[in-house]
Amino acid sequence: MKIAVIAANGRSGQAFVEAALTAGHSISAGVRGKSYLKSHPSLTVVECDATNEAQLENLLSGQEAVASFIGHVKGSEPNVQTIAIQKVVDVMKALGVKRLISLTGTGVRFPGDKISLIDRFLNLSISIIDPARVKDGKNHVEVLKASDLDWTVIRVLKLQNVPPKPFTLREHGPTKWYVGRQEVAQAVLQVLEESSFVKQAPIISKP
């Protein structure tokens, strides 16, 4: 599969690029500035600011699917995820690309979610400390819901740089407490390869 990766230079993006290449996919990796990705015959690195439509068009042209790892970093706009995903949706529509996977937190709720005590506590803390971040995650999902894309939003509680452990994807959770970035990479790869959870937002859960 030809997969465009947005924010491929981030820690989760890098983990996904490595996993996808190992699985035999062809990757067009969008990065800002210097690339930290290891060279590979099936990897093309493209300069891409996810809020720049011309650069997005260059990244997404000829691709079959898009994996977005847009997140909040120091200095980013509080609504960067919503702004960027709207640009991505517009460019995908223009290019005729339908499949999109995005990553966000479990603070984005769906009816029927099984919310554990630790999930509720941590998300309450985040909503107090950084409410704009939670709002941005919710708004970016609303943009996807309003599109005609075959989207999937994968939700996690807390990302950690820890060795991967067994997991499963469940539409309503409950969430694992800590999720390794390689687990995220495998989850994104799973829904792409299986064409599963279309127009749903599964949570990475314990098996």
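The values are calculated or read from the model by the stated rules, or taken from the named source; none is laboratory data. Since the model is a prediction, treat every value here as computed from it, not as a measurement. Neighbour counts are summed over all protein chains in view; Cβ atoms, including those assigned to glycine, are modelled from backbone coordinates with ideal geometry. Heads up: the accessible areas ignore ligands, DNA and RNA and are worked out on the full protein's heavy atoms, side chains in. Shrake-Rupley method; radii C 1.70, N 1.55, O 1.52, S 1.80 Å.
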What aspartates and glutamates sit close enough to Lys176 to cross-link, taking a C-alpha to C-alpha distance under 19 Å and skipping anything fewer than 8 places away on the same chain? Asp113, Asp119
From the helices alone, meaning DSSP H stretches of at least four residues, give me the mean residue ellipticity at 222 nm for the chain, per-run term -39500 (n - 2.57), in deg cm²/dmol to the nearest 500. -12000 deg cm²/dmol
Beyond 18 Å (Cα-Cα) in this structure, taken from Lys2/Lys98; Lys145/Lys199; Lys93/Lys199; Lys38/Lys98; Lys2/Lys145; Lys138/Lys199, we find Lys38/Lys98; Lys2/Lys145
At Ile129 and Val73, where each label point lies 7 Å from the Cα along Cα→Cβ, what is the point-to-point distance in nanometres? 2.0 nm
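Apply the a/c threshold of 1.5 to the C-alpha gyration tensor of region 1-70 and tell me whether it is rounded, prolate or oblate. Don't skip to the answer; put the middle values down first.
Numbers: a/c = 1.64, a/b = 1.24, b/c = 1.32.
It comes out oblate by the Cα gyration axes.
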By its C-alpha gyration tensor, with a ≥ b ≥ c as the square roots of the eigenvalues, how is region 127-207 shaped: rounded for a/c under 1.5, else prolate for a/b larger than b/c, else oblate? oblate
Find the centroid of the Cα atoms in region 44-66 and in region 109-165, then give the distance between the two in whole Å. 25 Å
Using a cut-off of 19 Å between alpha-carbon atoms, which lysines can reach Lys34, once sequence neighbours fewer than 8 places away in the same chain are excluded? Lys74
How much FRET efficiency would the formula 1/(1 + (r/R0)^6) give for Ser195 and Glu171, where r is the Cβ-Cβ distance and R0 is 25 Å, rounded to 0.05? 0.95
If each part is reduced to its alpha-carbon centroid, region 182-207 and region 69-101 end up apart, in Å, by 19 Å
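Probe radius 1.4 Å, ligands and nucleic acids ignored: give me the carbon and sulfur share of the accessible area of the chain as a rounded percent. Each step should come with its number before you reach the end.
On the way: 5400 of 10280 Å².
That share works out to 53 percent.
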Once the Cα atoms of helix 117-129 and of the chain are each reduced to a long axis, what angle between those two axes, in degrees from 0 to 90 to the nearest 10, is obtained? 70 degrees
Relative to the first principal axis of the alpha-carbon coordinates of the chain, what is the inclination of helix 80-95, with its axis defined by its Cα atoms, in degrees from 0 to 90 and to the nearest 10? 40 degrees
Quick one: helix 181-194 against the long Cα principal axis of the chain, what's the angle to the nearest 10°, folded into 0 to 90? 70 degrees
Could you check the spin-label model distance between Lys98 and Arg32? Points 7 Å from the Cα along Cα→Cβ, value in nm. 3.2 nm
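Once R0 is set to 41 Å, what does the formula 1/(1 + (r/R0)^6) return for the Cβ-Cβ distance between His40 and Ser116, expressed as a FRET efficiency to the nearest 0.05? Don't skip to the answer; put the middle values down first.
Values: r = 39 Å, r/R0 = 0.94.
FRET efficiency, His40 to Ser116: 0.60.
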